[in-house]
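Note sheet for the following structure.
Where a number appears in this text, it was derived from the coordinates with a stated rule and is not lab data. Worth saying up front: this structure is predicted, and the values here are computed from it rather than measured. Glycine also receives a Cβ, built like all others from the backbone with ideal geometry; neighbour counts cover every protein chain displayed.
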Amino acid sequence: MFCRGWAGANPNRGIATGARWQHELMRVATPNPVLISDVTVVLAVLGRFEAELRRGAQDDHALQTLGNRCHRVGLMSLDDPLTRETMAAVLDSIGQRLRFAIGEYDRDPTV
């Protein structure tokens, strides 16, 4: 869902294209507001997926797909091991940043 939305973004808005475009997106806030209700649901999904990763309930394909996406957008370096625990930690960090974004924290706890 998010891929299609980002891929359809207007490239004339001053953001680089291709892989560089994806990395540039990681450094900017969303161009439009996101509803707290949406973020709350996404947090629940993240938490569930994170728990499933930690207990080994997700298959290797899901792990690889998620790892590839995290590498592409700069959430993991290529040197980071692609393990269930590493991916669960990445999801936890995303969740913490989302909680900061909706005002649950005064500062970003992942910095």
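Couple of notes before you dig in:
- Here region 34-111 is described by how far its Cα atoms reach on the three principal axes: 34, 24, 19 Å, from widest to narrowest.
- Computed FRET value (nearest 0.05) for residue 82 with residue 42, which takes r as the C-beta separation and R₀ as 22 Å: 0.45
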